[in-house]
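Visitor: Have a look at this one.
Bear in mind these aren't lab numbers, they're just calculated from the coordinates by the rules spelled out. Everything numeric here is computed off the predicted structure, so don't read it as measured data. Neighbour counts are summed over all protein chains in view; Cβ atoms, including those assigned to glycine, are modelled from backbone coordinates with ideal geometry.
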């Protein structure tokens, strides 16, 4: 991680945002069979984010395997360290698309009365593209607001297999109200 990204993480934490960990994308934990090596690698990454942000890592994201599940040792590490593993439901950074246009297209057919979305925003990409404010404006312009993970999941503990959403619960809308896996699919939860 470069100095610019570290200063952005620090600024976000100082501004009151929860900073989570996105594990090193160059790691393929499925090819590493040594639990201690994975735990050591994750310890270094978590410690770095905690040192830069000045806060304990509560949420983390790591690539899923071909079965759409996390690596067993990565999952166990997060559970043992009380870190909630998250994944996004929508990323505006798919290849060949301008992030603002991707958000506009995605939210065009959604209604804040019936829909909620989880959006993946990467700090280094946002700084590079200077798109963060545009993305926020488009989302808010479509009637959505941002909800923190802490507010959405106040009683969720890593490893829970069936936890209910709290203030984000929208059973009448058809949006998911139960987390039915050992990890949750969240980075940023948008609700009406």
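Visitor: At 7 Å along Cα-to-Cβ for each site, give me the label-to-label distance between residue 98 and residue 58 in nm.
Guide: Once both label points are built, they end up 3.6 nm from each other.
Visitor: What order do you get for 90, 114 when you list them from fewest to most C-beta neighbours inside 10 Å?
Guide: Least crowded to most crowded, the residues run 114, 90.
Visitor: Between rounded, prolate and oblate, where does the range 34-83 land on the alpha carbon gyration tensor, with a ≥ b ≥ c its root eigenvalues, rounded for a/c under 1.5, else prolate if a/b exceeds b/c? Don't jump to the answer; show the numbers that get you there.
Guide: On the way: a/c = 2.19, a/b = 1.64, b/c = 1.33.
Because a/c hits 1.5 or more and a/b exceeds b/c, the range 34-83 counts as prolate.
Visitor: A follow-up question, please. Sort 85, 69, 8 by Cβ crowding within 10 Å, fewest neighbours at the top.
Guide: The most exposed by this proxy come first: 69, 8, 85.
Visitor: Kindly put 91, 4 in sequence by how many other C-beta atoms sit within 10 Å of each C-beta, fewest to most.
Guide: Values: 91 17, 4 12.
Lowest count first: 4, 91.
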